[in-house]
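Nothing in this text is a laboratory measurement; each read-out follows from the coordinates by a stated rule. It should be emphasised that the depicted structure is a prediction, and the values quoted were computed from it without experimental measurement. We place every Cβ from the backbone using ideal geometry, glycine too, and count neighbours over all the protein chains shown.
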Amino acid sequence: MPTECSADRLDFGTVEGRAVEAAFDGGLVTSDAGALLLGAADQAIDLVGRFASCFHDERRPEYIEHEVATLVGQRVFAIALGYEDLNDHDELRHDPMMAVLAGKLAARREDCAPVAGKSTLNRLELSRLQPTRYHKISHNPMAVRDLLVELFLEAHERAPKQLILDLDATDDPVHGEQEGRFFHGYYDCYTATVICRYTCSAAAICWSPN
């Protein structure tokens with residue numbers, strides 16, 4: 001039987017009037033083209049937008065190049081792609097894929113990249129519960145907690161009656177007197193792993209049918 005070939009191009013809509021396509025004949029442009037699928041998933045559930053709403057920005061708007069939603073999205077997508085270190089963003093801020101995910105292909109100022117570098121993202125990660133003179137971005141940890149539960153519950157047609165958080169007893173030996181270590185009899189060594197099995201109702205966390 002004949003082979004069924006996949007499409008030559010995949011359409012991912014437009015950003016600022018420019019078409020975004022995945023193709024196989026354009027040479028090496030980015031090594032993270034799969035991030036387009038992450039972007040499509042985010043558009044379906046609005047994870048980044050809802051997560052960004054858990055932050056409060058008191059910076060002066062006329063001086064802002066990278067909005068909180070852009071910073072949050074950049075950090076979330078980068079971690080999903082395996083870039084956990086903030087230093088990675090000194091290169092990622094010039095990656096066209098990160099610009100597409102942010103919906104911002106060009107910076108407003110000539111001395112800036114479309115998305116943020118490590119120093120700007122560091123200010124986001126050092127955000128306080130209340131804004132200060134040197135930390136203008138604050139966050140609401142309760143709102144973040146509630147959002148994670150809401151997203152989990154929305155992924156089910158019917159809210160589960162029970163959630164089980166099972167932290168595995170994987171061996172994680174420590175070599176020293178680190179705080180919180182304990183002796184693991186099964187592995188015969190000191191470990192930092194916490195063993196616990198916690199069962200609770202979904203409603204007991206923060207969800208209610210109303």
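The table that follows gives values for the structure above.
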{"read-out": "Relative contact order (%) - criterion: Cα under 8 Å, at least six apart; region: the stretch 1-146", "value": "24 percent"}
{"read-out": "GluC sites (Glu not before Pro) lying in DSSP loop within the stretch 63-107, provided at most 15 other Cβ fall within 10 Å", "value": "Glu84"}
{"read-out": "Environment charge at Gly13 (Cβ cut-off 15 Å; Lys +1, Arg +1, Asp -1, Glu -1)", "value": "-1"}
{"read-out": "With eigenvalues of the C-alpha gyration tensor scaled by 5 and rooted, the stretch 40-141, Å", "value": "20, 17, 13"}
{"read-out": "Charge tally in the Cβ shell below 13 Å around Glu84, where Lys, Arg are +1 and Asp, Glu are -1, Glu84 excluded", "value": "-1"}
{"read-out": "Per-residue ³J(HN,Hα) for the stretch 69-74, Karplus 6.51 cos²θ - 1.76 cosθ + 1.60, θ = phi - 60°, Hz, x for Gly and Pro", "value": "4, 5, 5, 4, x, 4"}
{"read-out": "Cut-off under 5 Å, modelled amide H: who pairs with Cys189 long-range", "value": "His184"}
{"read-out": "Loop-resident sites, the stretch 21-94, for trypsin sites (Lys or Arg not before Pro), counting at most 16 other Cβ within 10 Å (DSSP)", "value": "Arg59"}
{"read-out": "For peptides 143-154, 97-108, sequence by mean Cβ density within 10 Å, most packed first", "value": "97-108, 143-154"}
